[in-house]
Amino acid sequence: MKNENATVEVGKTNRLRAARESEHGLYLAAGDGEEVLLPNIYRQKLQVKRGDILEVFVYTDSEDRPVATTLKPYASRDEIAYLEAVDFKSYGVFLDWGLPKDLFVPLSQQKTTMEIGKRYIVRICLDEKTNRVYATQRIGRYLSRDTKSLRLKEAYDAMVIARTPLGYKVIVGNRYEGMIYADECFETLRVGEKRTVYIVKKRKDGKLDLSLRPIGILAKTDAAQRKVLDALAAADGQLAIGSKSTPEAIEKVVKLSKKDFKRALSALEAADYIVRDATSVRVKKGEEKR
């Protein structure tokens, strides 16, 4: 198992060594000797002795002092997140990111006027001068156009950030911009949704063409499978027919014979794209594939 962090990293999960007790909690130390307090509210839940390595998240408290918590935020530094605005001040907006202290978005980092109760796509950043974590809507400046390290047909984690006339704009691996085109998306996606995507093409402008399906299925999809996929797209990802449905019901929905329908389902199921039972078929969600 790895040792403690060499230094304390604000805005990230750290591995720190239990160093000393105090009336306020447990002080944890990085390799360089810097200490950060784990308050009693979190310390009391742990069975820990001096020298133990703890995994904690470090952020700054209301007085801008680094503090540790065993809570996990919705996202960490350098990640893209979809967070709800919960408080407004004349100098900025605060977002709920799952920690006691809300995440600040300065006015200078807002592209739109943020409203309490609405959710926004932001990137979590660190102000190197003040060591404070903040969020920004201006995520474009942090995206990379150098996609040399990415591999075609490989699976990557992504987040949907917008719906456009062309399809869905996504951010891959918190660093790369891509598009899932409407004619290749057979379900309705939501902004903020996290999905597994596959790289179809790396474009000259540094952006990516993506698919929700493993690339092998794109090449092998025959006419029958395509009819099933089209029907799923039209029905928002779920059909009320299955392998035990009547030939008449199948013909009405997908314009296929029962034999061809069952064959198409077998192929799509083998490609890990659908879930089916005797009376229904639905698109398999990204989280089910993990």
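Quick notes on this one:
- Screening the candidates ALA68, ALA19, ALA29, ALA6 for the property of being closer than 28 Å to MET159 by Cα and small (Gly, Ala, Ser) yields one hit, ALA68.
- Among residues of segment 174-189 being modelled with pLDDT under 95 and not β-branched (Val, Ile, Thr), the one that is surrounded by the most Cβ atoms within 10 Å (Cβ to Cβ) is PHE186.
- Each residue in segment 119-131 was checked for being in contact (Cβ under 8 Å) with a residue 24 or more places away in the chain and loosely packed, with under 15 Cβ neighbours inside 10 Å, and 2 pass.
- Among the residues of segment 151-163, those that are farther than 18 Å from ASP272 by Cα and under 18 Å from the mean Cα position of the chain (by Cα) comprise ALA158, MET159, VAL160, ILE161, ALA162, ARG163.
- Scanning segment 239-270 for residues that are closer than 17 Å to GLU187 by Cα and either free of Cβ contacts under 8 Å to residues at least 24 places away in the same chain or within 23 Å of the chain's Cα centre (by Cα) (or both) yields VAL253, GLU269.
- VAL253 being at pLDDT 90 or above, surrounded by 14 or more Cβ atoms within 10 Å (Cβ to Cβ) and part of a strand (DSSP E or B): no
- Pick from segment 151-173, criterion among the aliphatic types (A, V, I, L, M) and part of a loop (DSSP other than H, G, I, E, B), ranking: modelled with the lowest pLDDT: LEU152
- Qualifying residue in segment 123-141 (condition: at pLDDT 95 or above, under 25 Å from LEU210 (Cα atoms) and aromatic (Phe, Trp, Tyr)): no
- Scanning segment 47-62 for residues that are more than 28 Å from the chain's Cα centre (by Cα), of a type in the set (D, E, K, R) and at pLDDT below 90 gives a single hit, LYS49.
- Just one of the numbered conditions (1) of a type outside the set (Asp, Glu); (2) surrounded by fewer than 19 Cβ atoms within 10 Å (Cβ to Cβ); (3) at negative phi; (4) free of Cβ contacts under 8 Å to residues at least 60 places away in the same chain is not true of THR13: (4).
- Qualifying residues in segment 132-150 (those that are of a type in the set (D, E, K, R) and assigned to a loop (DSSP other than H, G, I, E, B)) - the one surrounded by the fewest Cβ atoms within 10 Å (Cβ to Cβ): LYS148
- Only residues that are touching a helix residue (DSSP H, G or I) at 6+ places or on another chain (Cβ under 9 Å) and touching a residue at least 60 places away in the same chain (Cβ under 8 Å) were counted in segment 66-118, giving 2.
The values are calculated or read from the model by the stated rules, or taken from the named source; none is laboratory data. Keep in mind that what you see is a predicted model, and the values were worked out from it rather than measured. Every residue, glycine as well, gets a Cβ built from its backbone with ideal geometry; the counts of neighbours run over all protein chains shown.
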